[in-house]
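The values are calculated or read from the model by the stated rules, or taken from the named source; none is laboratory data. This structure is a prediction, so every number in the text was calculated from the model and none was measured. Glycine also receives a Cβ, built like all others from the backbone with ideal geometry; neighbour counts cover every protein chain displayed. The accessibility values were calculated without ligands, DNA or RNA, using every heavy atom of the protein model including side chains. Shrake-Rupley method; radii C 1.70, N 1.55, O 1.52, S 1.80 Å.
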Amino acid sequence: VIDERLQLDNVRNFRWRSDQDYDISWERRDYDLRHLQSVDLLTSYWGMPAIAHILVSFGFEDGRQLVFTVETRKEKGETYSMLGGFFKEYELSIVAADELDAVRVRTNVRDEDIYLYRIDMPQPVMRELLLTYVKQANTLVERPRFYNTLTANCTTIVFDMAQSIIGGLPVDQRLLLTGYLPGYVHDVGGLQKGYSLGELRNRGRITERAKQADDAPDFSLRIRQGVPVG
């Protein structure tokens, strides 16, 4: 970070047609941390309601969204299994991506169901969370870690980072049952005030809006239509 400007190398911005057919693009991007204005939690479901993949999206005043997703780094030909995640079969990876990549591939290509929730967080804490993601990603390059289905997954990594910044967050089984994470965040006062969890969930379901927006330049704006954002 130089003069409040964050420069990131290798921000993923693929154009996906299927999991096997896509245009590769790794980009260098600059972000002005003074213009960071929002943090969104996204939960992506593909089967049972108790399990979801967690993405965190940072929004800037110019409309750009930077998404971080904690994933397994699979070798060529390797596929993910939850059981394998217990036995140090996969390395951990933190990917920074454009929202048109990271969200659209799940809704429009993999047919997953995504919900978006605005996090109620002071700007200085947003900044620290973003920089902690960057630090963790850089650390993994230097000192690889193994993904673990229970102790080092897309939710526990986020919790550990938030705990280091805010502190005092209670441990809860919903940190493992990732599909119920929004309920946990709601209970600790982390979602938009004045709405029930059910209202936030109903208004935050972006799946159909993402499919309709497809690869539109204003994808991020369109998927947030109707979402309570303060």
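Details
- Positive minus negative residues near Ile114 (Lys, Arg vs Asp, Glu; Cβ under 15 Å): +3
- Computed FRET value (nearest 0.05) for Trp46 with Asp160, which takes r as the C-beta separation and R₀ as 22 Å: 0.35
- Accessible-area value, Phe159, 1.4 Å probe, nucleic acids and ligands omitted, Å²: 30 Å²
- 3J(HN,Hα) along the range 167-177: x, x, 6, x, 6, 8, 5, 6, 6, 9, 8 Hz, from the Karplus curve 6.51 cos²θ - 1.76 cosθ + 1.60 with θ = phi - 60°, whole Hz, x for Gly and Pro.
- Stretchable slack from Asp218 to Ser25, in nm (0.36 nm times residue separation minus alpha-carbon distance): 67.6 nm
- Sum of -39500 (n - 2.57) over DSSP H runs of 4+, divided by residues of the chain (222 nm, nearest 500): -7500 deg cm²/dmol
- Calculated from backbone phi, Karplus (6.51, -1.76, 1.60) coupling profile of the range 210-218 in Hz, x at Gly/Pro: 5, 5, 6, 6, 6, 9, 4, x, 9
- Length available on full extension from Arg34 to Asp62: 0.36 nm per residue minus the Cα-Cα distance, which gives 8.9 nm.
- Local electrostatic count at Asp9 - Lys and Arg +1, Asp and Glu -1, tallied over other residues with Cβ under 9 Å: +1
- Environment charge at Ala210 (Cβ cut-off 9 Å; Lys +1, Arg +1, Asp -1, Glu -1): +3
- Given 12 as the ceiling on other Cβ atoms within 10 Å, longest exposed-site-free region of the chain for GluC sites (Glu not before Pro) in DSSP loops: 79-230
- Nearest-10 value in Å² for the accessible area of Trp26, using the 1.4 Å probe: 130 Å²
- Remark: spin-label model distance Val134-Gln7 equals 1.1 nm, labels positioned 7 Å along the Cα→Cβ axis.
- Across all Cα atoms of the chain, the radius of gyration (one decimal) and Dmax (whole number) stand at 16.7, 47 Å.
- Rounded to the nearest 20, the Cβ-based charge dipole of the range 173-230 about its Cα centre (Lys and Arg +1, Asp and Glu -1) stands at 140 debye.
- Assigned charges on the beta-carbon of Lys, Arg, Asp, Glu; the chain dipole about Cα centre (debye): 300 debye
- Cα shape, the range 10-63, gyration tensor, a/c 1.5 rule: oblate
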